[in-house]
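Here is the structure we will look at, set down as structure tokens.
The values are calculated or read from the model by the stated rules, or taken from the named source; none is laboratory data. These numbers come from a predicted model, not from an experiment. So basically every Cβ, Gly included, is an ideal-geometry build from the backbone, and we count neighbours across all protein chains shown. Ligands, DNA and RNA are stripped out before the accessible areas are found, and what is left, the full protein with its side chains, is counted by its heavy atoms. Shrake-Rupley method; radii C 1.70, N 1.55, O 1.52, S 1.80 Å.
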Amino acid sequence: HKFRAFKQNDLFRPDFDRMAFNACVGDNGGPYDLYDYAHGYFDATRLLLKAVGTERGFINDLLVYPICLNFRHSIELFIKYLISDLKTLTRSDAKFRTTHSLEGNWSTAMNLIKRTKLDVDPDEIKLITRVVTDVMEVDPNGNIFRYPESIKGDQHLKDWALVNLAVIGDVFALLSKIAEEWHFKIEGRI
């Protein structure tokens with residue numbers, strides 16, 4: 001086999017003196033799929049939530065943005081994963097929309113779940129539907145927790161006063177557990 005030279009620069013490169021910090025990307029261990037990316041964002045959300053109220057120097061008023069952004073993105077990736085893998089089981093030509101909107105993709109995923117007769121609890125469907133609805137009310141396009149204001153200069157979250165990160169954490173724990181269980185069910189069927 002011929003050795004493949006991977007790209008690197010001063011910032012994105014390996015450091016063989018600190019091997020435990022190297023992360024495999026691209027074809028070096030991958031390619032990774034939508035579920036793998038979703039899993040990474042679920043893990044990042046989990047780690048950030050652990051810092052709330054326990055780590056000195058962290059400010060909830062600032063952590064709320066990356067926590068909610070990571071949580072939202074993990075949901076988006078998970079729903080797109082569902083469509084991608086469930087369409088294989090149904091042999092359909094269903095595709096996820098490449099936008100950041102969750103509702104249309106969740107509707108497609110639910111239809112595929114029904115078509116595959118995936119053994120999921122109706123309460124889990126209700127929970128995800130409620131989370132999608134709540135997220136879309138606050139952040140329909142994935143920009144609200146990413147930037148303090150819109151491109152037009154309008155302040156984001158102006159009409160919202162508080163977000164309780166324990167509530168976010170409770171819902172996150174339920175949803176991330178569901179995602180993991182569904183992943184095993186789907187991969188087992190494939």
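For the range 40-53, does any single residue satisfy the condition of being open to solvent by 100 Å² or more (accessible area, probe 1.4 Å) and either over 30 Å from Thr129 (Cα atoms) or of a type outside the set (Lys, Arg) (or both)?
Yes, because at least one residue in the range 40-53 is open to solvent by 100 Å² or more (accessible area, probe 1.4 Å) and either over 30 Å from Thr129 (Cα atoms) or of a type outside the set (Lys, Arg) (or both).
Name the residue that is modelled with the lowest pLDDT, counting only residues in the range 142-190 that are open to solvent by less than 80 Å² (accessible area, probe 1.4 Å) and hydroxyl-bearing (Ser, Thr, Tyr).
Among them, the one singled out is Ser150.
Are there any pairs, at least 6 apart or on different chains, whose C-beta atoms fall under 7 Å, with the first in the range 95-116 and farther than 23 Å from Glu187 by Cα and the second open to solvent by 70 Å² or more (accessible area, probe 1.4 Å) and of a type outside the set (S, T, N, Q), and if so, which?
Once the first residue is farther than 23 Å from Glu187 by Cα and sits in the range 95-116, its partners that are open to solvent by 70 Å² or more (accessible area, probe 1.4 Å) and of a type outside the set (S, T, N, Q) give Gly104/Arg97.
Going by the conditions given, is Leu86 of a type in the set (A, V, I, L, M, F, W, C), within 19 Å of the chain's Cα centre (by Cα) and more than 27 Å from Phe145 (Cβ to Cβ)?
yes
Being among the hydroxyl-bearing types (Ser, Thr, Tyr) and touching a helix residue (DSSP H, G or I) at 6+ places or on another chain (Cβ under 7 Å) is the requirement here; does Ser107 meet it?
It is false that Ser107 is among the hydroxyl-bearing types (Ser, Thr, Tyr) and touching a helix residue (DSSP H, G or I) at 6+ places or on another chain (Cβ under 7 Å).
Leu127 passes all but one of (1) crowded, with 16+ Cβ neighbours inside 10 Å; (2) under 17 Å from Met110 (Cα atoms); (3) of a type in the set (A, V, I, L, M, F, W, C); which number fails?
(1)
If you take the residues of the range 94-123 that are under 19 Å from the mean Cα position of the chain (by Cα) and among the small types (Gly, Ala, Ser), which of them is most open to solvent (accessible area, probe 1.4 Å)?
Ser107
Can you work out which of the residues in the range 47-77 that are at pLDDT below 95 and among the small types (Gly, Ala, Ser) is nearest to the chain's Cα centre (by Cα)?
Ala51
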